[in-house]
Amino acid sequence: MALSDQIQVRRTALGMTQAELARRASISRAYLNRLESSSDGPRPSADVLYRIASALGASVAELLERERSASSSSAKQIPSELIKVANRHNLSSDDVQMLAAIEFRGRRPQTEDDWEFLIRSIERSTRGS
Amino acid sequence: MAASESAFDEADLPMGEDVLTASLVGQALIAKTGASNARDAIELLVRAALDDAEISKAPIDLRKVASYQGVRNIVLKEMAEAGRLVPLGSGRFEIHIRAKDPVERRNFTIGHEIGHLLLPGYREAPIEVMETRAEITLSNPSDAVEELCDIAAAALLMPMHLFGPAAAELGCHLSAVRALCRHFRSSWPATMRRMVETNLWRCALTVWNLIGGVPHLSWSFASDSFPFGLTENLTSRIDGGIGQLFTAQRSNTNVETLEVDGKQYTFAVYARRSARYGGGSSASTVTALLLPYPPSGRWPAGRVSWPTAPWGRFEDD
């Protein structure tokens, strides 16, 4: 997952607005918006990254996904369709990673509707557990 | 002699460079970095970690460095151990630090735990690391991993490219140690050891404990040019520069004669007393820098010829 997605997914999972995260990380909302909007956005300094990570309760390494890519060669790319649905459901980054790893007979969900169906099914089957 | 005052053994003496380099973790470090020895390899990894976090001045923001290494949180806790490194899964970690320790000691412990994360092999099979030593800066580790983590801690808190020039400018005396401690937020013993590691001076860091009313050397670490091999049977007089600190002043600068290798030699002594932590002990420890005195005297050759310091010119003050 790109840095922009990491920030966005974690922020929404925490129920935090852009304005709130920007305030906590002592950066402008406009800058955060640019960071979240595109994976080709500005490259934040180490200080800014650290402040954002701290405000999100994560480490910088997690935002940069270092460990997953270093320690797990099978780490899956997070499809953009999944990210959109995950944001709607306020899923945590860990849940998104888990979903991204799902394969059934060598195939993965492709569309937003597929992901929506899968997430609802999991929610239904784990309700009350 | 009470049981708790038993004579120290070989394990109290610092691990030699060759032992560290020959260890499994030492070899892995060398393979990973291409350095010629384990200590240099650690220094290289620490420098890379600092560069990664874009840190270029002291005091070092260890929380930021830790975050770049996957540490989510550094938590102060009421606990017996000095520190703990807790894996949270998926390359995420938490560091627990004993809350009652002074901030400089806590900093060293944080650096030590980050050291574990820098060592090859740890991340592949992370386990909870609990520091069993009552305190980290003043007691000697029992294995190469712990020793290398101590080296990493010192290198993180006092990166040689920042510490070396500052130490060279200040010189080797107590007020210099004090100034360096403040600048790098490091403890006295850790700072003194780093001063020795610069190889700027012909000196040794020594740690003394009172056993049966007599100051005994329990730990030493010498610069390459220090002309003596200090051994664990070295003692000092209770009314000497080192001994006085167990009963009177907190710190002093003195000249003291010690018997080394069966001969009497005189040393300039820059010493300070600190409380020994943990284990329910209220005993004191004296940490002292020894420099052959007078500096212009005829001394046996050091272990290597000097000047050797890559960080600045040799200063014989």
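The values are calculated or read from the model by the stated rules, or taken from the named source; none is laboratory data. In this text the structure is predicted, and so the values were computed from the model without any measurement. When we count neighbours, we look across all protein chains shown, and the Cβ atoms used for this are built from the backbone with ideal geometry, even at glycine. The accessibility values were calculated without ligands, DNA or RNA, using every heavy atom of the protein model including side chains. Shrake-Rupley method; radii C 1.70, N 1.55, O 1.52, S 1.80 Å.
Do we have B:Val86 as part of a strand (DSSP E or B), open to solvent by 30 Å² or more (accessible area, probe 1.4 Å) and within 14 Å of chain A (Cβ to nearest Cβ) here? Here the answer is no, as B:Val86 does not meet what is asked. Here B:Arg193, B:Arg133 are screened, and the one residue that is out of contact with any strand residue (DSSP E or B) (no Cβ under 7 Å at 6 or more places or on another chain) and under 30 Å from B:Leu85 (Cα atoms) is B:Arg133. For A:Gly57, the conditions (1) touching a Lys or Arg at 6+ places or on another chain (Cβ under 6 Å); (2) within 14 Å of chain B (Cβ to nearest Cβ) are fulfilled apart from (1). Among residues of the stretch B:39-82 being in a strand (DSSP E or B) and within 13 Å of chain A (Cβ to nearest Cβ), the one that is surrounded by the most Cβ atoms within 10 Å (Cβ to Cβ) is B:Val71. Listed by first and then second residue, the pairs with beta-carbon distance under 6 Å, at least 6 apart or on different chains, first residue in the stretch A:1-30 and within 21 Å of A:Arg88 (Cα to Cα), second assigned to a helix (DSSP H, G or I) and among the hydroxyl-bearing types (Ser, Thr, Tyr), are A:Val9/A:Ser93; A:Arg10/A:Ser93.
Which of the following residues is open to solvent by 30 Å² or more (accessible area, probe 1.4 Å), of a type in the set (D, E, K, R), outside any loop (DSSP other than H, G, I, E, B) and at pLDDT 90 or above: B:Arg194, B:Arg178?
On the way: B:Arg194 fails: open to solvent by 30 Å² or more (accessible area, probe 1.4 Å).
Unique residue meeting the criteria: B:Arg178.
Output the residues belonging to the stretch A:14-49 that are open to solvent by less than 40 Å² (accessible area, probe 1.4 Å) and touching a Ser or Thr at 6+ places or on another chain (Cβ under 7 Å).
Start the filter on the stretch A:14-49 by keeping residues that are open to solvent by less than 40 Å² (accessible area, probe 1.4 Å), which leaves A:16, A:18, A:21-22, A:25, A:27, A:32, A:35-36, A:41-42, A:44, A:46, A:48-49.
A:Ala22, A:Leu35, A:Glu36, A:Gly41, listed by residue number.
Restricting attention to the stretch B:67-87, report how many residues are touching a Gly at 6+ places or on another chain (Cβ under 9 Å) and of a type in the set (A, V, I, L, M). Count: 2. Against the numbered list (1) in contact with a helix residue (DSSP H, G or I) (Cβ under 9 Å, 6 or more places away or on another chain); (2) at pLDDT below 75; (3) more than 24 Å from B:Val65 (Cα to Cα); (4) not basic (Lys, Arg), A:Ser73 comes up short only at (1). Counting only helices (runs of 4 or more DSSP H) wholly contained in the stretch A:1-59, the ones carrying 1 or more residues that are on the phi < 0 side of the Ramachandran plot and more than 18 Å from the chain's Cα centre (by Cα) occupy A:18-24, A:29-37, A:46-55.
Looking only at the stretch B:92-110, filter to residues that are more than 15 Å from B:Glu81 (Cα to Cα) and part of a helix (DSSP H, G or I); which one of those is farthest from the chain's Cα centre (by Cα)? Checked the stretch B:92-110; the qualifying residue farthest from the chain's Cα centre (by Cα) is B:Val103.
Select, from B:Cys172, B:Cys149, the only residue that is open to solvent by less than 10 Å² (accessible area, probe 1.4 Å) and touching a residue at least 60 places away in the same chain (Cβ under 8 Å).
B:Cys172
Going by the conditions given, is A:Ile78 modelled with pLDDT of 90 or more and buried (at least 17 other Cβ atoms within 10 Å of the Cβ)? Please lay out each step first, then the result.
Working: modelled with pLDDT of 90 or more: no; buried (at least 17 other Cβ atoms within 10 Å of the Cβ): yes.
The answer is no for A:Ile78.
Here B:Glu94, B:Glu131 are screened, and the one residue that is at pLDDT below 90, assigned by TED's automatic domain parsing to the domain that holds B:Ala35 and either open to solvent by 10 Å² or more (accessible area, probe 1.4 Å) or of a type in the set (Asp, Glu) (or both) is B:Glu131.
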